[in-house]
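**Student:** This is the structure, below, for whatever I ask next.
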Amino acid sequence: MRDQRLSAFRDAHTDRDTATHVPDTPQTRAPAYRLAFADEDFLCREELRPVRLQLELLKPQMHLDEHQIKSTVVLFGGARIPEPAKKDTARTQTLADLSHYYDEARRFARMMTEKCIAGGGHDHVVVTGGGPGVMEAGNRGAHEAGGISIGLNIVLPHEQAPNTYVTPDLCFNFHYFAVRKMHFLMRACAICVFPGGFGTLDEMFESLTLIQTGRMERVPFLLFGQAFWEKIINWEALADAGTISPEDLDLFRFVETAEQAAEIIGNWEPAPPRDDIPGR
């Protein structure tokens, strides 16, 4: 990287390395003397939040650009859904019953990754939240297909590590939920939502709202498990109440299998963003 620099000035790496070999004096030990960009305490100050937001947006963007990732298939879904072989460990019978969606996510990710590889490896790259459950299934399916996949992890109060199937060079960690959500959607050519809890619902409604309001192009928006989604959300009641438009119910489709989802994505015609909001 340093040999490719176009500037005649000394680069930041060199000065950072040089600064670690200065004489040990009260002056050089003082926090004020540290190079600003190499001072972690300084970068974590409250006043530096705008800089941290920018860095967290920029670092994954640069890595994904370097890997020539053009489009992604987003998989949202519950971290608590076990694989079928381990459904006896589920906390509830409902989670055990939902375990077959682990396999659907795994098969779907494998199919999308095979499509990605056949197309040159830069489109339809699977991206998940990098954790367990449905997220693990997505990264696992991509790994089994011999392709790459992205994991967008978030620092949580309890200990969490990325699942072992995420491509290491595409495994990111976030402090800001908002920036993480941007990276989920910036390259999205399809959004697939499996049963889940608060996090899944948050991601689903955030994405739907962007499409509903015309802030994002329409892409295939697929909800796996119609019975689950219709049990926890009364979609028709929202339309009947007028809080959403009946046309908003056409922004997503219910699917049950990986094959159904792959067929919809494969036959999708590009759709521009809405230029108005029905019902307003």
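**Student:** Using the number of other C-beta atoms within 10 angstrom as an exposure proxy, rank Glu56, Glu47 with the fewest first.
**Tutor:** Lowest to highest Cβ neighbour count: Glu47, Glu56.
**Student:** Residue by residue through region 184-200, what is 3J(HN,Hα) from phi via Karplus (6.51 cos²θ - 1.76 cosθ + 1.60, θ = phi - 60°)? Round to whole Hz and write x for glycine and proline.
**Tutor:** 4, 9, 4, 10, 5, 10, 6, 10, 10, 10, 9, x, x, x, 4, x, 5
**Student:** Here's another thing I want to ask about it. With 10 angstrom as the radius, rank Tyr33, Tyr165 by how many other C-beta atoms surround their C-beta, starting from the fewest.
**Tutor:** Ordered by Cβ neighbours within 10 Å, fewest first: Tyr33, Tyr165.
**Student:** Give, as a single signed number, the net charge of other residues whose beta carbon lies under 12 Å from the beta carbon of Phe177, with Lys and Arg counted +1 and Asp and Glu -1.
**Tutor:** So the surrounding residues net to -2.
**Student:** Same structure again: I want the local charge near Leu58. Using Cβ-Cβ distances under 13 Å, sum +1 for each Lys or Arg and -1 for each Asp or Glu among the other residues.
**Tutor:** -1
**Student:** While we're here: Taking the 0 to 90 degree range and rounding to the nearest ten, how far is the long axis of helix 134-144 tilted relative to the main principal axis of the chain, both from C-alpha atoms?
**Tutor:** 80 degrees
**Student:** Further, regarding this structure: Which of the residue pairs Lys86/Lys231; Lys70/Lys181; Lys86/Lys115 have a Cα-Cα distance greater than 20 Å in the structure shown?
**Tutor:** Lys86/Lys231; Lys86/Lys115
**Student:** Still on this model: By average Cβ neighbour count within 10 Å, what is the ranking of 254-261, 71-78 from highest down?
**Tutor:** Most protected by this proxy first, the peptides run 71-78, 254-261.
**Student:** By count of other Cβ within 10 Å, fewest leading, how are Arg52, Arg45 ordered?
**Tutor:** Ascending Cβ contact count within 10 Å gives the list Arg45, Arg52.
**Student:** 5 Å is the cut-off here: which amide hydrogens, built 1.01 Å from N in the peptide plane, fall below it relative to Gly196, excluding neighbours closer than 5 in sequence?
**Tutor:** Gly78
**Student:** Principal axis lengths of region 184-261 from Cα atoms, whole Å, largest first?
**Tutor:** So the three principal-axis extents are 33, 29, 24 Å.
**Student:** Run through all the Cα pairs of region 125-280 and give the fraction in each 5 Å bin from 0, expressed as whole percent.
**Tutor:** 1, 8, 16, 20, 21, 16, 10, 5, 2, 0
**Student:** Okay, moving on. Using alpha-carbon positions, what is the distance between the centroids of region 186-257 and region 59-115, in Å?
**Tutor:** 18 Å
**Student:** Tell me the net charge near Ala30. Cut-off is 13 Å between Cβ atoms, Ala30 excluded, with +1 for each Lys or Arg and -1 for each Asp or Glu.
**Tutor:** With Lys, Arg at +1 and Asp, Glu at -1, the neighbours total -1.
Here, each number is a calculation from the coordinates, and none is a lab measurement. None of these values were measured; they are calculated from a predicted model. Methodologically, a virtual Cβ is constructed for each residue, glycine included, from the backbone with ideal geometry; neighbour enumeration extends over all protein chains shown.
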